[in-house]
1. Measure out, as a whole number of angstrom, how far apart the alpha-carbon centroids of the range 215-272 and the range 43-65 sit.
2. Could you state how much accessible area Asp266 has, in square angstrom rounded to the nearest 10, with a 1.4 Å probe and all protein chains kept in place?
3. Each residue of the range 229-245 in order: what ³J(HN,Hα) in whole Hz does its phi give by Karplus 6.51 cos²θ - 1.76 cosθ + 1.60, θ = phi - 60°, with x for Gly and Pro?
4. What shape does the range 101-260 take by its C-alpha gyration tensor, where a ≥ b ≥ c are the square roots of the eigenvalues and a/c under 1.5 counts as rounded, a/b above b/c as prolate, and the rest as oblate?
5. Calculated from DSSP H runs of 4 or more alone, at -39500 (n - 2.57) each and per residue, what is the 222 nm mean residue ellipticity of the chain, nearest 500?
6. In Å², what does the accessible area per residue of the chain work out to with a 1.4 Å probe?
7. Scan the range 150-203 for trypsin sites (Lys or Arg not before Pro) in coil per DSSP, keeping those whose Cβ has at most 14 other Cβ atoms within 10 Å, and list them by number.
8. Per the 1.4 Å probe, what fraction of the accessible area of the chain, in percent, lies on carbon and sulfur atoms?
Amino acid sequence: MRSYQPDLTPPWKRSAPVPEVPAEPDLVVEEVTTGFCGAVIRCEKTAQGPTVTLEDRFGKCRVFPMEPRGFLLEGKVVTLVRPAPGGPARPTRTASGSVAVPGARARVARAGRIYVEGRHDAELVERVWGDDLRIEGVVVEYLEGIDDLPAIVAEFGPGPDARLGVLVDHLVTGSKESRIAAQVSDPHVLVVGHPYIDVWEAVKPSSVGIGAWPVVPRGQDWKTGVCRALGWPENTGAAWQHILSTVHSYKDLEPQLLGRVEELIDFVTLPE
């Protein structure tokens, strides 16, 4: 019979136990060594032990061993374990990749706002970030263009408790949009943008089922030109509804848009 061997490690040197968390699909964790953050795609048995595959919001996948204390969940160290066979699936993430809060009530709207250029921009932001915006109490409004942006900002009257974020299409060096955006210098306003001529292009072609967004010659209406090049009926409203229906989460959008929208949400919701 083996004799009992007491643990003589001083209490202050012992590792505190950490919770074991089933690696359910879509659970978002961070690997402690590399800092890679992504959603669980699958778990597998290998000769070296169980592994978990994570996919980040840009579509990059990496495989990690499921080692004890190997991951962070909402900033806390956890040990990932294989989920029980046939266990109930549960939604853990919103379309934007944020932690889902079942039953959460919408917050009373903040004084701050996010302005986007057009209706399509607003519908796309709502599609992916709607749950987050309601919890944070952020209202998104569309402007029908930014030609009068400096006057719009002045009329809004931004301040420490009423920050304004503006998302601009085709914000690239030398563009008309960049010259307009440069006229806004209020510290309580953040103007950011994506490089696409229209927000349609911010949806990944693979999600829409096309090889690439067509190049439309200068002088043509861009949306009509896209419909014509793709062989779609030249009904831009119907085309947009088709495009929007292919967007199910942040994974269907280009990183250049993802980062800018989240930057605006963070800016508008900063503590006073």
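1. Measuring centre to centre over Cα atoms gives 31 Å.
2. 100 Å²
3. Working through the residues one at a time gives 5, 8, x, 8, x, 7, 10, 5, x, 5, 4, 5, 4, 5, 4, 4, 5 Hz.
4. Since a/c reaches 1.5 but b/c is at least a/b, the shape of the range 101-260 is classed as oblate.
5. Values: 7 runs with 69 residues, N = 272.
Value at 222 nm, helices only, nearest 500: -7500 deg cm²/dmol.
6. 57 Å²
7. Numbers: sites: Arg163, Lys176, Arg179; in loops: Arg163.
Qualifying residues, ordered by number: none.
8. 52 percent
The values are calculated or read from the model by the stated rules, or taken from the named source; none is laboratory data. This is a predicted model, so every value here is computed, not measured. With ideal geometry, Cβ positions are generated from the backbone for all residues, glycine too; neighbour counts draw on all protein chains shown. For accessibility, only protein heavy atoms count, side chains too; no ligands or nucleic acids. Shrake-Rupley method; radii C 1.70, N 1.55, O 1.52, S 1.80 Å.
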